[in-house]
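Here the structure is laid out as structure tokens; the discussion comes afterwards.
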Amino acid sequence: MADHGFTTPFATARTAALAAALAATIGLAAASWVVAVWQMQGMDMGVATRLGSFASFIAVWVVMMAAMMLPARPRRC
């Protein structure tokens, strides 16, 4: 088969750089989870700390989504 220029050194270097960036990101995320779990060892939430009902979770989630997704001020055309 003929090489049509799709396997240039630039393309392989770019693919290698993307693979390295992906591996570094996944490695950093995994290390962060390990540190977070390690730091939470021995933490006792106690009986007074409850998650609450599903309705309270949805109410807080809706407010959070509105605060993050809606613009802070209207645009002027």
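With 0.36 nm allotted per residue and the present C-alpha distance subtracted, the ALA31-THR12 stretch has 4.0 nm of extension available. Each of PHE57 and ALA24 was given a label point 7 Å from its Cα along the Cα-to-Cβ line. The distance between the two points is 3.6 nm.
Read-outs throughout are calculated quantities, based only on the coordinates presented, and are distinct from any laboratory measurement. Values in this document were obtained by computation on a predicted structure and should not be read as measured data. All Cβ positions, even for glycine, are placed from backbone atoms using ideal geometry, and neighbour counts span all protein chains on display.
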